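The values are calculated or read from the model by the stated rules, or taken from the named source; none is laboratory data. None of these values were measured; they are calculated from a predicted model. Every residue, glycine as well, gets a Cβ built from its backbone with ideal geometry; the counts of neighbours run over all protein chains shown.
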Amino acid sequence: MDAALDALRDALPDLRLLTDASELEHYGRDWTRRWTPAPCAIALPASVDEVVGIVHWAREHQIALVPSGGRTGLSGGAVAANGEVVISLERMNKVLAFDPVDRMLTVQAGIPLQLVQEAACAQGLQYPVDFAARGSCSIGGNIATNAGGIRVLRYGNTREWIAGLTVVTGAGEVLHLNKGLVKNSSGYDLRQLIIGAEGTLGIVVEAMLKLTAPPPPTQVMLLALPDFDAVLSAFSALRDGLRLEAFEFFTDVALKHVLAHGGQQPFDEDHPFYAVVEYAHESEADEVAALSLFEQGLESGWALDGVIAGSDAQAAQLWRLREGITESLARYTPYKNDVALRISALPAFLHEAERLIAEEYPQFEVVWFGHIGDGNLHINVLKPDDLPQADFLRDCERVTKLLAGLLARHGGSISAEHGIGLVKKPYLIGTRTAEEVAVMQGIKRVLDPDDIMNPGKIFD
Ligand code: FAD
Ligand code: MLT
Ligand code: ZN
């Protein structure tokens, strides 16, 4: 390996290459914290040419590459635990161009999501993909996972916002895909193939991002709800009566953890379920509509209580109760499930899953939350302090197997937005057929003939 790294230094004398143990550990893991990081080096290219050079070198020396953004991923996609070279895009983090006519921002892939949002805002526009990791995750990582977040019900996933991509494939070719076109019916849309590929086909180096008009003025409301069926009733009623920007739910268990982590108790009493709702508030009529819907909810029983933010600071406080869940659970190294179903199938799935888990694994605390408007449930299983990690993981795999069985019955997906990575690899078949996976493997062979791009992620 030392000789191969020397060859890389000779081929690319300006390339920043890190090999200190602390750097290997830092860049070799993602938010899952489950695998022991063991990359052989970290490459920090500063240009597309350097990325191409690294890929050619990796092909020649048969060395696996792990593309790396902010390493906030929750599926082990950016983990390097087998002597790979991590290729971190963090130095390729600039805004390259803005076009006001096209309403398009061209960026390097290592730029953090929040800087993209700010750059859009500075132009009087909006890049609407948004979620709590905005300050640390990168656009390249968002593209590679087709990230979702809290505004998908209004604006869609990352996939909707990518007008062009520059990708260095596993063969070392530079592809400029779609080039910002709105319409393009000239054959296969290879851009969409790269989105969600979790770095297994190539390295995204630049992206053309669509921007849109800024959001309307909004209001934030927190609802207390008696049960999950009521969450769906609330969602249907508010979606029909308001212009929703977000509708997110969480349980009393999630709230307990956020409160223990510094959140502010929203109501005098505890309630089983909560929903944070953000809706357009352009005139008094919107407020009247929201209040009238809430009163209908109290009368028909789907709402138990509610609070409407009186200021931006209070709106941020209400959002924190939802957005703080991941951080507040981090100390339990939760096992995360991230499932997608048709919205109409959510109640049956949740009730069956709750019952099965409670019957078979009563010792586990399970935290439910997620993006109801997208049919996306997050099911976090927390490790009891006295249970060894290996036993915990074994039992969590069994829980996920139960969930995978239910998903197959309800026509759902084992990953809604986090990706398959390493965590969900054993459950890909079930959500996708063997024939589909074989097609994916065939595509990988074309774009990555030596299997150097993030091997072992998504499928073997
Ligand atoms: P990384 O973790 O670095 O990598 C993720 C995958 O992308 C890996 O497979 C990696 O190899 C690949 N990759 C990275 N960069 C590139 C590149 N340039 N080219 C090719 N492949 C690349 N996700 C959601 O979808 N919705 C949420 O609401 C959400 N909320 C979150 C909240 C918190 C607090 C945290 C910690 C995470 C959350 N996530 C969420 C998960 C995570 O932030 C997203 O998956 C994000 O898109 C990952 O971006 P990243 O730059 O950190 O990617
Ligand atoms: C969220 O919706 O908060 C994210 O997907 C993160 C998580 O699932 O923990
Ligand atoms: Zn989520």
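Tabulated data
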quantity: Test: residue in segment 166-175 that is in the same structural domain as V204 (by TED's automatic domain parsing), out of contact with any helix residue (DSSP H, G or I) (no Cβ under 9 Å at 6 or more places or on another chain) and crowded, with 18+ Cβ neighbours inside 10 Å; calculated: no
quantity: Conditions (1) closer than 30 Å to W57 by Cβ; (2) in contact with a strand residue (DSSP E or B) (Cβ under 8 Å, 6 or more places away or on another chain); (3) surrounded by fewer than 24 Cβ atoms within 10 Å (Cβ to Cβ): number failed by V253; calculated: (1)
quantity: Top-ranked residue in segment 287-332 [being surrounded by fewer than 14 Cβ atoms within 10 Å (Cβ to Cβ), within 32 Å of the chain's Cα centre (by Cα) and aliphatic (A, V, I, L, M); ranked as farthest from G241 (Cα to Cα)]; calculated: A330
quantity: Some residue of segment 278-286 being over 24 Å from C396 (Cα atoms) and within 16 Å of ligand 2 (Cβ to nearest atom); calculated: yes
quantity: Cross-chain or 6+ apart pairs with Cβ under 6 Å, segment 261-282 first and on the phi < 0 side of the Ramachandran plot and surrounded by 15 or more Cβ atoms within 10 Å (Cβ to Cβ), then among the aliphatic types (A, V, I, L, M) and assigned to a loop (DSSP other than H, G, I, E, B); calculated: H271/L304; Y279/L242
quantity: Residue match in segment 197-205 (condition: surrounded by fewer than 21 Cβ atoms within 10 Å (Cβ to Cβ) and outside any loop (DSSP other than H, G, I, E, B)); calculated: no
quantity: Single residue of D386, D391, D395 found to be without any contact (Cβ under 8 Å) to a residue 60 or more places away in the chain and outside any helix (DSSP H, G or I); calculated: D386
quantity: Unique match (being touching a residue at least 60 places away in the same chain (Cβ under 8 Å) and either in contact with a Lys or Arg (Cβ under 9 Å, 6 or more places away or on another chain) or under 18 Å from L15 (Cβ atoms) (or both)) among A109, A46, A41, A81; calculated: A109
quantity: Residue selected from segment 144-175 under the condition small (G, A, S) and touching a strand residue (DSSP E or B) at 6+ places or on another chain (Cβ under 6 Å), by the criterion nearest to I443 (Cα to Cα); calculated: G170
quantity: Filtered residue count, segment 319-355, keeping only those that are part of a helix (DSSP H, G or I), closer than 15 Å to L406 by Cβ and touching a Leu at 6+ places or on another chain (Cβ under 8 Å); calculated: 6
quantity: Condition check for P67: under 27 Å from the mean Cα position of the chain (by Cα) and part of a strand (DSSP E or B); calculated: yes
quantity: Search result, residues across segment 212-233 that are in a helix (DSSP H, G or I) and of a type in the set (A, V, I, L, M, F, W, C); calculated: F228, A230, V231, L232
quantity: Selected residue (only one of A147, A132 is farther than 22 Å from A46 by Cα and touching a Cys at 6+ places or on another chain (Cβ under 9 Å)); calculated: A147
